[in-house]
Protein chains: 2
Amino acid sequence: MRKPPDIEEIRAAHRRIRSVVHKTPVATSRSINAMVGAELFFKCEHLQKAGAFKFRGACNAVFSLSKKEASCGVVTHSSGNHAGALALAASYRGIPAYIVMPSTAPAVKVAAVKGYGGMITFCEPTLAARESTAAKVIQNIGALLIHPYNDYRIIAGQGTAALELMEEVRDLDFILAPVGGGGLLSGTAISAKALNPKIKVIGCEPQNADDAYRSKKAGTIIPAGNPQTIADGLRTSLGDKTFPIIRDFVDDIVLATEEEIISAMRIVFERMKMVVEPSSAVPLAALLSGSFTAPGRRIGILLSGGNVDFSAFFKSMMNGFHVQ
Amino acid sequence: MRKPPDIEEIRAAHRRIRSVVHKTPVATSRSINAMVGAELFFKCEHLQKAGAFKFRGACNAVFSLSKKEASCGVVTHSSGNHAGALALAASYRGIPAYIVMPSTAPAVKVAAVKGYGGMITFCEPTLAARESTAAKVIQNIGALLIHPYNDYRIIAGQGTAALELMEEVRDLDFILAPVGGGGLLSGTAISAKALNPKIKVIGCEPQNADDAYRSKKAGTIIPAGNPQTIADGLRTSLGDKTFPIIRDFVDDIVLATEEEIISAMRIVFERMKMVVEPSSAVPLAALLSGSFTAPGRRIGILLSGGNVDFSAFFKSMMNGFHVQ
């Protein structure tokens, strides 16, 4: 794919992956609706296979490869949800996935990637080491690099979550998605605007990692630096493939503080009996804090994932703000 | 209802309540299946309105009342899930619910009952005070007592959860439910045996509150005393209406230790991204510990509720065994 996907390509991605991905449920909560004064529809991607929406993009990328492209397997150097998602997607296709992880990666993440059949290469915990180690795997084995978000096949796959949500829940006025590297938000924006040109697409970002907010304002990519936020999935910067889509199709980006994110996680826990990771809680945090309001409107929210480190989760919920 | 409900009465209960209760989803987990070596189907009553299966029985009881019976409202002295469930059920019928609660009840439970429109009368934290206070409400106001489990209308309502599960998932070999007062287990047993006479119905109980286990062995009700278990919903004793059904229709009762219950809660949290209360985790605890095994079989599990005190939940999960 050499240009941004359109809705037909997102539909094609959906046909390609739908026998393997979960059609995740849409949850509602009367008590949370009452708190925010709007009608919310939560797309539960934390119940997706491998625990996050990332499995959609990874599957679409892996299943899109020609036999020749796929023959030597795939490689990535993400240590987050993309690593597990890619390993699992590759296992469905029956090809190897090489995952470059920093030697400091939490045991639980290493175990998850191994459990999905990923072949792990450890490296020093620097971006340079990760990139050079991945480059070696590419050179030595011929595996194909699958970027976690700056890839049109990934973007098309991520767009299938909003496609499912909007086919199930009609007449949404808004759709809110967290934004880190921008794969989910850009795919969501393409699906949403194609299915309903009147819908407003809102990116939701931690105030402590507001690079997408600033990039959209500036009209050019402003990298994230080294942001300190509990929302570990949202510390990355936009890419040259995700940014133009967000610039052109996303209506606004709103921010949430660390305290607001933790409070929103707790409300999802208490009221919805669901475990979401901090990144997932950012849209609800913006609604609860009033930094985004839409009284009486119908709002779709993408709950992006549920992969939380158990102890860190508890500590952050008990103590308030806690950077991992 | 003067005799135990049969499947037709449970079907009638289902017709009576189904426009108001959630048809809760059935969740599965490949990783938990792999751990226990069987195929599990979790009926998610923690996602029921008011956070527990109790809403089914409360609705059936409240909606079954004649106009005259309902005219002065309903009363109960449960401080657990039944209190919130009864208050919410009464609000749907538009009649008052009088809830007698001990003065020591946690603020979160008081707030829940108030939020559902219940009228709270506080009393000393003893069973005698609770019963005498409820008796006064009955005498002064004429409200009708709705017992949390020892009532055939309640039992019929609770049986609708297994009815929905077995209509959605065919050919279950076993169905597992926690047992406290026995309302859920007895209703489950009636539904399950009627729909599939070959199914085995297994009650699951904390080892520290094993009165149902001992009662079934002895052939007579042995009260619970004052059991110390984190599974606060299962500290009650069987009643004269629930016990004979459990004696006659339940195949076995299996036990789980406190550590096994906490471990099972944690696995539901980590693998299924769901928040269940300790009582809900007892069946999975029995499966994970091997105190109940059924290799390769299809097993239905009733996840009974998700109403956990946030801080107590975290503490228990972090510290291991913790009695509230």
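Using 1/(1 + (r/R0)^6) with R0 = 30 angstrom and r between the beta carbons of A:S103 and A:F310, what's the FRET efficiency to the nearest 0.05?
Details: r = 22 Å, r/R0 = 0.72.
That gives a FRET efficiency of 0.90.
Which of the lysines could a cross-linker span from B:K3 if the Cα-Cα distance has to be under 17 Å and same-chain partners fewer than 8 positions apart are dropped?
Within reach: B:K241.
To one decimal place, what Kirkwood hydrodynamic radius in Å is obtained for chain B from all pairs of distinct Cα atoms? If you can, show how the numbers build up before the last one.
Working: mean 1/r = 0.0516 Å⁻¹.
Here the Kirkwood hydrodynamic radius works out to 19.4 Å.
Please rank B:T126, A:T160, fewest neighbouring Cβ atoms within 10 Å first, as an exposure proxy. Don't jump to the answer; show the numbers that get you there.
Values: B:T126 10, A:T160 28.
Fewest-to-most Cβ neighbours within 10 Å comes out as B:T126, A:T160.
For B:N307, enumerate residues with amide H under 5 Å from its amide H, sequence gap 5+ or separate chain, H modeled in the peptide plane.
B:E277
Based only on Cα atoms, what mean projected area does the convex hull of the protein assembly as shown have, in nm²? Please list the in-between numbers first.
On the way: hull surface 112.3 nm².
Hull-based average projected area comes out at 28.1 nm².
Cross-link list A:K49/A:K198; A:K54/A:K200; A:K216/A:K273; A:K193/A:K217; B:K114/B:K216; B:K23/B:K198: which exceed 28 angstrom alpha carbon to alpha carbon?
On the way: A:K49/A:K198 31 Å; A:K54/A:K200 23 Å; A:K216/A:K273 35 Å; A:K193/A:K217 20 Å; B:K114/B:K216 38 Å; B:K23/B:K198 25 Å.
Exceeds cut-off: A:K49/A:K198; A:K216/A:K273; B:K114/B:K216.
Using only Cα atoms, locate the centre of the stretch A:1-25 and the centre of the stretch A:267-283, then give the distance between them in Å, rounded to an integer.
Cα centroid to Cα centroid, the span is 26 Å.
Given a Förster distance of 41 angstrom, what is the FRET efficiency for B:K3 paired with B:S291, based on the Cβ-Cβ distance and rounded to 0.05?
On the way: r = 34 Å, r/R0 = 0.83.
Calculated transfer efficiency: 0.75.
Determine the distance separating the Cα centre of the stretch A:115-166 from the Cα centre of the stretch B:120-184; give it in Å without decimals.
Centre-to-centre distance over Cα atoms comes out at 52 Å.
Would you mind checking which residues have amide H under 5 Å from A:R297's amide H? H placed 1.01 Å from N; only 5 or more apart, or other chain.
A:E39
Of B:P227, A:S263, B:M272, whose Cα points farthest to the positive end of the dipole of the protein assembly as shown (charges on the beta-carbon: +1 Lys, Arg; -1 Asp, Glu; origin at the Cα centre)?
About the Cα centre, the residue reaching furthest to the positive side is B:M272.
Let me know the charge dipole size of the stretch B:67-158 about its Cα centre in debye, to the nearest 20, where only the beta-carbon of Lys, Arg (+1) and Asp, Glu (-1) is charged. Don't skip to the end; give the middle numbers.
Working: 8 positive and 4 negative charges, 47 e Å.
So the magnitude is around 220 debye.
Please arrange B:Y92, B:Y116 by how many other C-beta atoms lie within 10 Å of their C-beta, fewest to most.
B:Y92, B:Y116
Most exposed first by the Cβ proxy, i.e. fewest other Cβ within 10 Å, how do B:S311, B:S316, A:S304, A:S279 rank? Show your work: numbers first, answer last.
Details: B:S311 12, B:S316 22, A:S304 34, A:S279 31.
Result, fewest neighbours first: B:S311, B:S316, A:S279, A:S304.
Using just the alpha carbons, could you tell me how many Å³ per residue the convex hull of the stretch A:53-167 encloses?
Working: hull volume 11.2 nm³, N = 115.
Spread over its residues, the Cα hull of the stretch A:53-167 gives 97 Å³ apiece.
Quick note: the coordinates plus some simple rules give every number you see, no bench work behind them. It should be emphasised that the depicted structure is a prediction, and the values quoted were computed from it without experimental measurement. All Cβ positions, even for glycine, are placed from backbone atoms using ideal geometry, and neighbour counts span all protein chains on display.
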